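So the structure is just underneath, and the comments pick up after that.
The values are calculated or read from the model by the stated rules, or taken from the named source; none is laboratory data. All figures in this text were calculated on a predicted structure; none of them were measured in a lab. Using ideal geometry, Cβ is built from the backbone for each residue, glycine included, and neighbour counts are taken over all protein chains shown.
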């Protein structure tokens, strides 16, 4: 059963409204969590019985310079709003996560990453300036050189509320990416192909069949995408309408109801067949090139609206780990094998390459990430989280593995200390005490990870 | 370490709630429900009039050194002006809420030629007005949250007005219609509302209502059936199930005949 949390939501449209919420916090003793679209998988933007500061109404573009690709935004602007705004001028956000509905403030607060993390870095590394409002009402303007900037990015909204974000975008000459797919017959091959592709492509992502066992463990497909510089139809592809998926599949079935069709396949047998099908289809097409609009390549999750509903009522647990190069292969093999062993194979497994980042609460490593989605059922509910937590302690953390807060809802304070590093956690808490002395900012996740 | 809420090593029963409020949890069906919820690890706020009963239940179910599972509150449902503040306090203390059960009921003995208005108004106050005051709070909160379960303990007695206790019948009929109307408002918003119609149950209420030849159920069994039905999202539940047929027949009896029947 998925844990939920209810809070009292306030949605101001300006900075004065944010201050009102802090005052309400003082008056009622209920603490405040900033929230964007609420796309974190766990309790990052929830605050049980507390105040939720929903920033989605603060969604204006404050300044846009189409010549240089420099844009200044309010925190409630979504990634979707952003790309739709700048695409026709020939720009695309340099780093985007796998869904387009999170807000700019949100992706900065969790320091999200995309399929080009190993060479472009995280969202935070594209940010040139932020303005932060502290609970006291004071506003600070921060730049990448400032220690506070490096603490705010990835700071989970706990050090103040970001009221504007200035980002440098990337010039694109086409609305398409050139995408090729490759097949890997085992985990070793998956690593090898990804290493080969990351030397040549702009975006690389691997999908692993979580139900393949034994010698085929870790088999899957790798997508490598490159920017297109010679697009004769740039005028047509660099438009929002070209990027968006049609509302219906084959002109008939509404995409918004696709999750209903998927529901019957959400079980071991269904997934085994689905994965096998996908793998075979993919390996047949290996090397073959297609042109895919940016939005369709990046925002995989949005292809099936409300995809999480096909996993209801139990929901999903996502477990994503970041492991340094030296230990990644054995750790990932152990993770997949162990979960298959206990009878809960991951239904979705995504593999990416990364590098370290300069921020205080960091999850980046010079290595790889593996993200596993598990379907929660009444049978496995009790054991699933315990098994994953055990993996964390016995396999992942000892190998120097780290966790990404936006996906986490089960890390303990002790585990968090190892993942972020004791020094980083202590410094973060020091800064929190300085910037929020009344301790008004609080999220369920913060309470779990840092108390 | 215990498992996630709703799961317990002893009962192994998986109920889909983590925080519950049982009004009228110090006797009868309400008490059985409160005890069963707490025994599966669900945090329960128990409301009742008698402090010693409240304390007894808390003592039985709260373990030393562990987080208390039972939060007792003394309250008389006829004091409806207390309810909004009490509801908010309970939600804060529990840390949330996803199940509310209204169980209080009185069944005073009424003579066949007696029309005791004061007693009757008290029956309405406990059986219906108290339910409205508590369940309105729950409906408002659950409607906004888009989730939650409300359980109203009514009775087969609400299905038709009989000569034995007119106002008891009326109060339960009123409760049935109120819960039906809440479903009309909230079902599309993801809120489950269950109308429970028990037959004869072995509780204090039976003193004034002899069952005659019909079987009597145990409150623990009734409570378990209620929780299962609520977890399954049922709308109207007769307990035991065959009462549905009896009442369907009873409702069909034409008035001129029914008025001459002695039950």
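Results, tabulated for the structure shown:
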read-out	value
Selection within the stretch A:372-412 - away from every other protein chain (no Cβ under 13 Å) and part of a loop (DSSP other than H, G, I, E, B)	A:400, A:401, A:404, A:408, A:411
Qualifying residue in the stretch B:46-60 (condition: closer than 19 Å to residue B:97 by Cβ and either within 14 Å of another protein chain (Cβ to nearest Cβ) or modelled with pLDDT under 90 (or both))	no
So residue A:373, is it surrounded by fewer than 21 Cβ atoms within 10 Å (Cβ to Cβ), under 22 Å from residue A:307 (Cα atoms) and modelled with pLDDT of 90 or more	yes
Search result, residues across the stretch A:119-135 that are surrounded by 20 or more Cβ atoms within 10 Å (Cβ to Cβ) and closer than 16 Å to residue A:365 by Cβ	A:121, A:122, A:124, A:125
Residues that are modelled with pLDDT under 95 and over 28 Å from residue B:246 (Cα atoms), drawn from the stretch B:146-181	B:146, B:147
Yes/no for residue B:143 being within 14 Å of chain A (Cβ to nearest Cβ), modelled with pLDDT of 95 or more and at positive phi	no
Single residue of the stretch A:14-42 satisfying the filter (over 19 Å from residue A:160 (Cβ atoms) and assigned to a loop (DSSP other than H, G, I, E, B)) that is nearest to the other protein chains (Cβ to nearest Cβ)	A:29
Any hit, the stretch A:177-194, residues being farther than 24 Å from residue A:370 by Cα and under 20 Å from the mean Cα position of the chain (by Cα)	no
Residue within the stretch B:239-261 that is under 14 Å from the mean Cα position of the chain (by Cα) and closer than 17 Å to residue B:153 by Cα present	yes
From A:123, A:127, A:228, A:172, residue being closer than 30 Å to residue A:52 by Cβ, in contact with a strand residue (DSSP E or B) (Cβ under 7 Å, 6 or more places away or on another chain) and modelled with pLDDT of 95 or more	A:127
Residue ID - modelled with the highest pLDDT, chosen from residues in the stretch B:79-116 that are under 21 Å from the mean Cα position of the chain (by Cα), assigned to a loop (DSSP other than H, G, I, E, B) and within 13 Å of chain A (Cβ to nearest Cβ)	B:97
Helices (runs of 4 or more DSSP H) fully within the stretch B:210-263 counting 2 or more residues that are more than 18 Å from residue B:194 (Cα to Cα)	B:243-252, B:255-258
Residue match in the stretch B:117-140 (condition: exposed (fewer than 15 other Cβ atoms within 10 Å of the Cβ) and within 14 Å of chain A (Cβ to nearest Cβ))	yes
Residue under evaluation residue A:57, criteria (1) within 15 Å of residue A:35 (Cβ to Cβ); (2) surrounded by 19 or more Cβ atoms within 10 Å (Cβ to Cβ); (3) more than 14 Å from chain B (Cβ to nearest Cβ), criterion not met	(2)
Any chance residue B:65 is surrounded by fewer than 23 Cβ atoms within 10 Å (Cβ to Cβ), at positive phi and more than 14 Å from every other protein chain (Cβ to nearest Cβ)	yes
Restricting the stretch B:12-29 to residues that are more than 17 Å from residue B:138 (Cα to Cα) and buried (at least 22 other Cβ atoms within 10 Å of the Cβ), the residue that is nearest to the other protein chains (Cβ to nearest Cβ)	B:15
Answer residue from the stretch A:413-439, given it is surrounded by fewer than 20 Cβ atoms within 10 Å (Cβ to Cβ) and not in a helix (DSSP H, G or I) and is nearest to the chain's Cα centre (by Cα) among those	A:421
Criterion violated by residue A:52 - all others in (1) closer than 22 Å to residue B:91 by Cβ; (2) more than 14 Å from every other protein chain (Cβ to nearest Cβ); (3) within 23 Å of the chain's Cα centre (by Cα); (4) without any contact (Cβ under 8 Å) to a residue 60 or more places away in the chain satisfied	(2)
Every residue from the stretch A:134-151 that is in contact with a helix residue (DSSP H, G or I) (Cβ under 6 Å, 6 or more places away or on another chain) and farther than 15 Å from residue A:72 by Cβ	A:134, A:135, A:137, A:151
Scan of the stretch A:421-448 for residues that are without any contact (Cβ under 8 Å) to a residue 24 or more places away in the chain and closer than 19 Å to residue A:52 by Cβ, ordered by number	A:447
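Conditions (1) loosely packed, with under 14 Cβ neighbours inside 10 Å; (2) touching a helix residue (DSSP H, G or I) at 6+ places or on another chain (Cβ under 8 Å); (3) without any contact (Cβ under 8 Å) to a residue 24 or more places away in the chain, marked per residue:
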position	(1), (2), (3)
A:171	yes, no, no
A:174	no, yes, no
A:181	no, yes, no
A:186	no, yes, no
A:209	no, yes, no
A:219	no, yes, no
A:234	no, no, no
A:252	yes, no, yes
